[in-house]
1. For the peptides 143-152, 88-97, 39-48, what is the packing order when you average, over each peptide's residues, the other Cβ atoms within 10 Å and list the highest mean first?
2. Rounded to the nearest 0.05, what FRET efficiency do Leu30 and Asp85 have when you use their Cβ-Cβ distance and R0 = 35 Å?
3. Could you give the distance between the Cα centres of region 27-86 and region 109-156, to the whole Å?
4. Considering only protein heavy atoms, with the full assembly of protein chains and a 1.4 angstrom probe, order His109, His130 by accessible area, largest first.
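The values are calculated or read from the model by the stated rules, or taken from the named source; none is laboratory data. Quantities reported herein were computed from a predicted structural model and do not represent experimental measurements. Heads up, the Cβs are rebuilt from the backbone with ideal geometry, glycines too, and the neighbour counts pull from every protein chain shown. Areas reflect the complete protein model, heavy atoms only, side chains present, ligands, DNA and RNA absent. Shrake-Rupley method; radii C 1.70, N 1.55, O 1.52, S 1.80 Å.
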Amino acid sequence: MRKLATLLLTVVLSLPFFSKPLSAQNQMNLAADNIVGTYEAWQNKDHFKAKITKQNDGTYKGQVFWAEQDKDKDGNKRLDKKNPDKKLRSNPLDRTVLFSGLKYDSEKHEWNGTKVYDPQRGIRAKMDAHFLNDGRLQIRGSFMAFSEKAYWKKID
């Protein structure tokens with residue numbers, strides 16, 4: 001019995017020596033993946049929810065899945081009528097892909113490298129995003145000499 005207790009104690013005490021610390025790459029992946037989740041946001045008068053997911057290529061995609069005002073004045077589903085891609089104008093606004101191809105920049109501690117789509121104006125703008133101290137995700141779109149910020153609250 002004593003030998004078994006000694007053996008168990010030796011194994012338990014030696015566990016920290018056998019575990020591997022997170023590599024720098026794994027730490028960066030964890031930081032990058034902080035953006036993944038469900039968010040609630042308002043842009044002007046539009047209230048919506050969006051989901052950010054990690055894609056197979058390691059980039060991130062943001063897509064609306066719920067809009068408070070998803071019907072027009074006639075009771076029809078609101079469509080993405082201002083989309084510059086005519087093939088996407090028949091898509092419901094509450095299924096709009098806002099961005100894809102977003103990448104994490106570990107030096108700047110922000111996500112960038114793509115464009116964000118503004119369905120209210122039908123434009124795409126250079127995008128960067130980072131978390132504020134209060135936990136909100138700040139998304140900034142820049143188009144020509146203008147920029148605008150939106151703030152998303154993570155809800156899941």
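1. 88-97, 39-48, 143-152
2. The value I calculate is 0.50.
3. For region 27-86 versus region 109-156, the Cα centre distance is 11 Å.
4. His109, His130
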